[in-house]
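A quick write-up on the structure given underneath.
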Amino acid sequence: MSDFAHKQFDGNLYTFNHLTKKTLAVHIDINADKVVVPVHITFGCHCFTEEFDPKQHSDHHRYSHMHEVRAFDVERYQCSLQLPHVMESMLTGKIYRSDKSYTYVTQIALLSAAGGQSYSIFFSLEKAKKQVDPAVELYVKSAYLSTLKHSANAQNWRFKALVGKTAGLF
């Protein structure tokens, strides 16, 4: 069950079961040992909403979540349907530092567009505080169609290495 309320928009009902909390098992080799680090993933409403602008949006665009009012965006919603798969593919991807967040960019194909478009995912990664064994909390702050955004000298990581470092394994 999702943490997000369904949205009725332009005669369609949008549900968010694809954005339920997930856990990915990240296998990390440390010397001769293999360690499995669970990465607990949660999603924010910015994955399917944009900033509410009264000049651009009408009242039926409003989407409220945790005391924040945003505008529901059909394109972001369509992209968010692929987030569970994209999060798994991130295991072999590169991550870039973008301000205080990490960024992962992948190519996705939308139903309305031929070919692929760049899809940027912005997330935070922290060591899990309530677990004795190494574990990591990943919060997807936002995700939308956009080319990679990072400074020219931004540090990049392999996702597995970043998870191992964040979990305190090395």
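The values are calculated or read from the model by the stated rules, or taken from the named source; none is laboratory data. Only a predicted model underlies this, so the values are computations on that prediction, with no experimental measurement involved. Cβ atoms come from the backbone with ideal geometry, glycine included; neighbour counts cover every protein chain shown.
Here are the numbers for the structure shown:
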item: Test: residue in the range 74-95 that is part of a strand (DSSP E or B), surrounded by fewer than 16 Cβ atoms within 10 Å (Cβ to Cβ) and polar (S, T, N, Q); result: no
item: ASN12, sole failed condition from (1) at pLDDT below 95; (2) more than 24 Å from SER146 (Cα to Cα); (3) among the polar types (S, T, N, Q); result: (1)
item: Failed condition for ALA32, given (1) within 30 Å of ALA154 (Cα to Cα); (2) of a type in the set (A, V, I, L, M, F, W, C); (3) free of Cβ contacts under 8 Å to residues at least 12 places away in the same chain; result: (1)
item: Selected residue [touching a residue at least 24 places away in the same chain (Cβ under 8 Å), closer than 16 Å to VAL140 by Cα and charged (D, E, K, R)] from GLU75, GLU88; result: GLU88
item: Which listed residue, of SER142, SER101, is modelled with pLDDT of 85 or more, among the small types (Gly, Ala, Ser) and surrounded by 15 or more Cβ atoms within 10 Å (Cβ to Cβ); result: SER142
item: Some residue of the range 2-19 being loosely packed, with under 14 Cβ neighbours inside 10 Å and in contact with a His (Cβ under 7 Å, 6 or more places away or on another chain); result: yes
item: Pairs with Cβ under 6 Å, 6+ apart, first in the range 4-23 and more than 13 Å from PHE48 (Cα to Cα), second among the β-branched types (Val, Ile, Thr); result: LYS21/THR42; LYS22/ILE41
